[in-house]
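None of the figures in this text is laboratory data; all of them are computed from the coordinates on show. Please read these numbers as outputs of a predicted model, since none were measured by experiment. Here Cβ is always computed from backbone atoms with ideal geometry, including for glycine, and neighbour counts include all displayed protein chains.
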Amino acid sequence: MADRHEMWKSLGMNIEQHDVLCSVLPGAVGDVFMSQKNRPKGMEFWDMVVADVHGIRPAELIEEQKKGRKVFGTFCVYVPDEVIIACNGIVTGLCGGSQFWVPDGEAVLPKNTCPLIKASVGARLGKTCPFFRIADMYVGETTCDGKKKAYEILGEDVPMYVMDVPQMKRPEDIERWAHEIALFAKKVEEFTGVKLTVENLKKAIHIINEKRKAMQRVYDTRKNKTLPISGRDSLLMTQISFFDDPERCATMCNKLADELEERVKNNVSVVDAGTKRILVTGTPLAIPNWKLHNIIETTGAAVVCEEMCTGTRYFENLVDENINSLEEGFKALANRYMKTNCACFTPNTGRIDDIKRMVKEYNVDGVIDCNLKFCCLYDTEKFSVGRALKEANIPVLQLETDYTDTDAEQLRTRIGAFVEMLNK
Amino acid sequence: MSKFYIGIDIGSTSAKTIVLDENKNIIERILLPTGWSSKETSEIILKKLNELNFNVGNSTIVATGYGRVSVSFANKAVTEITCHGKGANYLFGSNTPSVGVNDDKAIDNNLLIIDIGGQDTKIIQVENGSVVDFLMNDKCSAGTGRFLEVMSNALNLKMDELCDMASKGSDTHISSLCTVFAESEVISLIGRGEKRENIAFAIVDSIIKKVCQQAQRLYKPNMKVCLTGGLSEFKYISDSLGKELKTEVYAKKDGRYAGAIGAALMGFI
Ligand code: SF4
Ligand code: SF4
């Protein structure tokens, strides 16, 4: 692997601290991924990316910046990549998924902020993540209160644009979101110097749709009784798709899907027949948060679907490509994005419908509904989610956790008991 | 040579061992403090079993409890939720073989088990002998045995004395949910000269309310509610739980062995 220290230095990173992070990551990757048996060969691509996660892609981004392209960092699947891509910009996800960044976030945020927000702020202020350094502009959104306030703090350190996400899904809210996308487009045009046209927007919509379809293809293979890929590997693929070039992402996912479909045909499974199939739902699992999947899959069950923003919410539903004006384009985008069911909205019964549908589609034996500590929205929604699933006779285990390892054994007991219950 | 089914439940404060014969009769109970190392405790248990002439090599041994992975000589490890469910069903369920401990013949197949352990509280719903749902509080010591332990120490009382005293008290409340703050509340109550009976009442009342709040999430009126764990020895505790839940709460003298009994039963599967 190339030495990246010069690059990190030029990004103004805290090298000493960052070396600490780099020294623990290979061990974690080894424990979680390399210990798995019978992995698909196609995972080699993601193994390579994750092994050099702060090197390969950041280096590419810097090269593109030299050519004059702008990099936008985002924190939510509501921010429409299409607009940025159309204006020749680059999108990179920015959510922090490691405890490593939490203390730097806690230096400015209240302790009872969700770890995702603390880690994201900490990664920026602690100067220990190249993506947070590279992004020319951050794009926030008015989803949860914690993020809104965190953006104010981040905005003092980096150019920040915040999109006003509606809280409800009435027709007028969808209209409002289309208008909000139009405003965002103006900002992106200004920042990139590239004018948005029907043609480039159409092309961008197509690119992102193709990426969505490719990811869906991988997920579709997980619906089979023969499980061709583990939950951990699928999650890694999804997590990295937030950072990768969308066209390469689609190519790699399609290649992986080819292999997985072949595996299904040949009855190649990564687990023993009869292994209980789990759907995981709740707050996002930002890279490198593999804790929950790892515990589930080393406790005798398999994760077959993630009803999460790092999962189906990221790629389900396509944008209508048949547009004849920018106005139509914004509407088409708004229609698609407003189908994403996040607990920031009220009501959010669509999420329950999604979970119930996916339980059938993915042949699920039990649901694990897990939220990050201090995420009041998803925590509160557990009540209605749990009740609806029980009414539908779908076993559900509801958990709360953070990025530390202190509760690993307690989670193992609960998840173990849940799996024993499903196995009875 | 006869074969035995041995269940070992290494909890946070005590380690319970049960030996069943081939007819699922309890023939031995061993109770030990867990101490610092569950590994050492498990070795002491092994020594005792050998001394008592239970042929360990020819027995099926199942470990449970948070120290279950430290029992190196066990044939398998099963979570305490599953074991408590099985054990409680043995003690309180309808298919109970007559083993002396079965003093009432309720035919309920729908149990709600409350287990107040040293470090956590478990609420387990058991239908026809199998766990169908459960809740667990292990984030905080309020509502666990640890809370009572800290408070009875503050009052300089043993558990049975605390219960005894509480039954004569009334009308005092502790507002803090956190064990550390509640302890200082108790100390200031003592300082204010509040009657010890009333303070004892407030302490038990606080844990009962906390536990019932959790139990309510799974409780339905058609369930038979049973208390297991170390506190099931104290009638005042099960009575108070019953008052709060407005139903009878059953308890048995082998209640603290529920997890170990369940583990031993897992050996038959
Ligand atoms: S959970 Fe909600 S706020 Fe978070 S990324 Fe998803 S849509 Fe955005
Ligand atoms: S997990 Fe919850 S609290 Fe955290 S950023 Fe997402 S919506 Fe906000």
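Sorted ascending by nearby beta carbons within 10 Å, beginning with the fewest, A:Met215, A:Met43 become A:Met43, A:Met215. Once region A:193-316 is represented by equal point scatterers at the alpha-carbon sites, with solvent omitted, what log10 I(q)/I(0) does the Debye formula produce at q = 0.14 Å⁻¹? Here log10 of I(q) over I(0) equals -0.61.
Spin-label pair B:Val69-A:Lys111: with each label point 7 Å from Cα along the Cα-Cβ axis, the two points sit 2.8 nm from one another. For B:Gln216 and A:Arg357, the FRET efficiency from 1/(1 + (r/R0)^6), where r spans their Cβ atoms and R0 equals 35 Å, is about 0.70. Between B:His173 and A:Val162, the C-beta separation translates, for a Förster distance of 41 Å, into a calculated FRET efficiency of about 0.35. Each other residue within a Cβ distance under 14 Å of A:Lys66 adds +1 if Lys or Arg and -1 if Asp or Glu, for a net charge of -1. From least to most packed, judged by other beta carbons within 10 angstrom and beginning with the fewest, B:Val126, B:Val132, A:Val319 follow the order B:Val132, A:Val319, B:Val126. Projecting the Cα positions of B:Leu155, B:Ala215, B:Ile114 onto the charge dipole of region B:108-251 (unit charges on Cβ atoms of Lys, Arg, Asp and Glu, taken about the Cα centre) puts B:Ala215 furthest along the positive direction.
The loop-placed GluC sites (Glu not before Pro) in region B:20-55, going by DSSP, that have at most 16 neighbouring Cβ atoms within 10 Å of their Cβ come out as B:Glu22.
Among the trypsin sites (Lys or Arg not before Pro) in region A:25-81, those placed in a DSSP loop whose Cβ has at most 13 other Cβ atoms within 10 Å are A:Lys37, A:Lys67. Looking at the calculated P(r) for region B:214-268, what percent of the C-alpha pair distances fall above 12 Å? Pairs farther apart than 12 Å: 66 percent.
Against chain B, whose longest principal axis comes from its Cα atoms, helix B:80-92 is set at around 90 degrees. With springs only between Cα atoms under 10 Å apart, run a GNM on chain A and tell me which of A:Cys249, A:Cys22, A:Cys309 wobbles the most. Taking springs between Cα atoms under 10 Å, the residue moving most is A:Cys22.
Out of the DSSP beta bridges found with both residues in chain B, what percent are antiparallel (nearest 5)?
Rounded to the nearest five, the antiparallel share is 65 percent.
Reducing region B:237-269 and region B:44-97 to their Cα centroids gives an inter-centroid distance of 16 Å.
Taking 31 Å as the cut-off for C-alpha to C-alpha distance, list the pairs among B:Lys158/B:Lys220; A:Lys169/A:Lys390; A:Lys111/B:Lys168 that go past it. Don't skip to the end; give the middle numbers.
Values: B:Lys158/B:Lys220 34 Å; A:Lys169/A:Lys390 26 Å; A:Lys111/B:Lys168 42 Å.
B:Lys158/B:Lys220; A:Lys111/B:Lys168, as the Cα separations exceed 31 Å there.
A crude spin-label estimate for the pair A:Thr404 and B:Leu31, with each label 7 Å from Cα along the Cβ direction, gives 3.4 nm.
Label separation (B:Lys47 vs A:Asn324): 9.0 nm, computed from points 7 Å beyond Cα along the C-beta direction. Put the Cα centre of region A:307-333 next to the Cα centre of region A:66-111 and the gap is 20 Å. For region B:217-253, trypsin sites (Lys or Arg not before Pro) meeting the loop criterion (DSSP other than H, G, I, E, B) and having at most 13 other Cβ atoms within 10 Å: B:Arg217, B:Lys246, B:Lys253.
Could you pull out the pairs from B:Lys39/B:Lys210; B:Lys48/B:Lys86; A:Lys331/A:Lys356 whose alpha carbons sit more than 30 Å apart here?
Where the Cα-Cα span goes over 30 Å, the pairs concerned are B:Lys39/B:Lys210.
Placing unit charges on each Cβ (+1 for Lys and Arg, -1 for Asp and Glu) gives the protein assembly as shown a dipole about its Cα centre, and among B:Ala200, A:Ala107, B:Gly255 the Cα reaching farthest toward its positive end belongs to B:Gly255.
Taking other C-beta atoms within 10 Å as the exposure proxy, B:Asp254, A:Asp173 rank A:Asp173, B:Asp254 from fewest upward.
Think of each Lys and Arg Cβ as +1 and each Asp and Glu Cβ as -1; about the Cα centre, that makes the dipole of chain B roughly 300 debye.
Might you report the magnitude of the Cβ-based charge dipole of the protein assembly as shown about its Cα centre, with Lys and Arg at +1 and Asp and Glu at -1, to the nearest 20 debye?
Roughly 940 debye, rounded to the nearest 20.
Remark on A:Leu318: its backbone amide H falls under 5 Å from none of the residues 5 or more positions apart or on other chains, H modelled at 1.01 Å from N. Cα-based radius of gyration for chain B, normalised by 2.2 N^0.38 Å, reads 1.02. The Cα center of region A:360-378 and the Cα center of region A:215-280 differ in position by 19 Å.
Between the Cα long axis of helix B:145-155 and the first principal axis of chain B there is an angle of about 50°, rounded to the nearest 10. Given R₀ = 30 Å, what would the calculated FRET efficiency be for A:Asp3 paired with A:Asp258, taking r from the Cβ atoms and rounding to 0.05? In this case the efficiency is close to 0.30. Just add up the charged neighbours of A:Ala150: K/R +1, D/E -1, any other residue whose Cβ is under 10 Å from the Cβ of A:Ala150. Charge balance near A:Ala150 sits at +3. Taking θ as phi - 60° and the Karplus parameters 6.51, -1.76 and 1.60, the scalar couplings of region A:302-309 work out to 10, 8, 10, 6, 10, 8, 8, 6 Hz in sequence order, x denoting glycine and proline. Farthest towards the positive end of the charge dipole of the protein assembly as shown, among the residues A:Met48, A:Leu292, A:Ile62, is the Cα of A:Leu292, using unit charges on the Cβ of Lys, Arg, Asp and Glu. Using the Cα coordinates of the protein assembly as shown, the gyration tensor eigenvalues translate into equivalent-ellipsoid semi-axes of 51, 28, 24 Å, sorted from longest to shortest. Shown for chain A are the DSSP H helices of 30 Å or more along their axis, judged by Cα atoms, with a mean Kyte-Doolittle hydropathy of at least -1.0: A:171-192, A:198-221.
Averaging 1/r over every pair of different alpha carbons in region B:108-251 and inverting the result gives a Kirkwood radius of 15.3 Å.
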